[in-house]
1. For S134, work out the one condition from (1) out of contact with any strand residue (DSSP E or B) (no Cβ under 8 Å at 6 or more places or on another chain); (2) in contact (Cβ under 8 Å) with a residue 24 or more places away in the chain; (3) in a helix (DSSP H, G or I) it doesn't fulfil.
2. Could you pull out the residue among K91, K95, K62 that is part of a helix (DSSP H, G or I) and surrounded by fewer than 19 Cβ atoms within 10 Å (Cβ to Cβ)?
3. Could you grab me the full set of residues in the stretch 22-48 that are out of contact with any Ser or Thr (no Cβ under 9 Å at 6 or more places or on another chain) and of a type in the set (S, T, Y)?
4. On the given criteria, is H121 at pLDDT below 95 and surrounded by fewer than 19 Cβ atoms within 10 Å (Cβ to Cβ)?
5. Go through the stretch 1-21 and give me each residue that's among the hydrophobic types (A, V, I, L, M, F, W, C) and in contact with a Ser or Thr (Cβ under 6 Å, 6 or more places away or on another chain).
6. Of the residues V19, V54, V75, which single one is of a type in the set (V, I, T), surrounded by 22 or more Cβ atoms within 10 Å (Cβ to Cβ) and under 10 Å from the mean Cα position of the chain (by Cα)?
7. Are any residues in the stretch 98-131 under 13 Å from the mean Cα position of the chain (by Cα), of a type in the set (A, V, I, L, M) and not in a helix (DSSP H, G or I), and if so, which ones?
8. Quick test of your reading of the structure: V33 fulfils all but one of (1) under 21 Å from H144 (Cα atoms); (2) free of Cβ contacts under 8 Å to residues at least 24 places away in the same chain. Name the failing condition by number.
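The values are calculated or read from the model by the stated rules, or taken from the named source; none is laboratory data. Predicted model, so just to flag it, every value in this text is computed and none were measured. So basically every Cβ, Gly included, is an ideal-geometry build from the backbone, and we count neighbours across all protein chains shown.
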Amino acid sequence: MKKKIIIYTDGGSRGNPGVAGAGAYITDGEGKVLKECSQALGIQTNNYAEYQAVILGLENLKKIVGTENLPNYEVEMKMDSELVQRQLSGKYQIKEEGLIPLFMKIWNMRVKDFKDLKFTHIPREQNKDADRLSNVGMDEGETHKSLF
């Protein structure tokens, strides 16, 4: 039987586009925290940040369990962006051209390493930890705004 991993993701942008950040909160099936991660993204849109949060979560999970062990896991990505969840699930098309390379990166990661991956939309209230982490990334970006 496969082990379950849940990755909560969130991305945000102050200004849209503005200073952006991504956050991922990774737990096992029982809710034990495996990793918290955040990333400053420079000046980006909110949707770009949401996609980057998914990539951040998947890349960190690979580091935690090792690529060779990924087939033993069922991964559920939970996010409060209904748009991104539906695009990644194949229900909506992508109209923002800048998101297509990110979609393709996630698609390729899915085909190569994450065969048992599903995307679930959750209410914002259930995504507080990932939201907090995306704000850490945005705060970091605010601090280093002159670099972008």
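1. In the conditions (1) out of contact with any strand residue (DSSP E or B) (no Cβ under 8 Å at 6 or more places or on another chain); (2) in contact (Cβ under 8 Å) with a residue 24 or more places away in the chain; (3) in a helix (DSSP H, G or I), S134 misses (1) alone.
2. Values: K91 fails: part of a helix (DSSP H, G or I); K95 fails: part of a helix (DSSP H, G or I).
From the options K91, K95, K62, the qualifying one is K62.
3. T27
4. no
5. Of the stretch 1-21, the ones among the hydrophobic types (A, V, I, L, M, F, W, C) are 1, 5-7, 19-20.
Passing the criteria: I6, A20.
6. V54 is the lone residue from the list that is of a type in the set (V, I, T), surrounded by 22 or more Cβ atoms within 10 Å (Cβ to Cβ) and under 10 Å from the mean Cα position of the chain (by Cα).
7. Matches in the stretch 98-131: L117 only.
8. (1)
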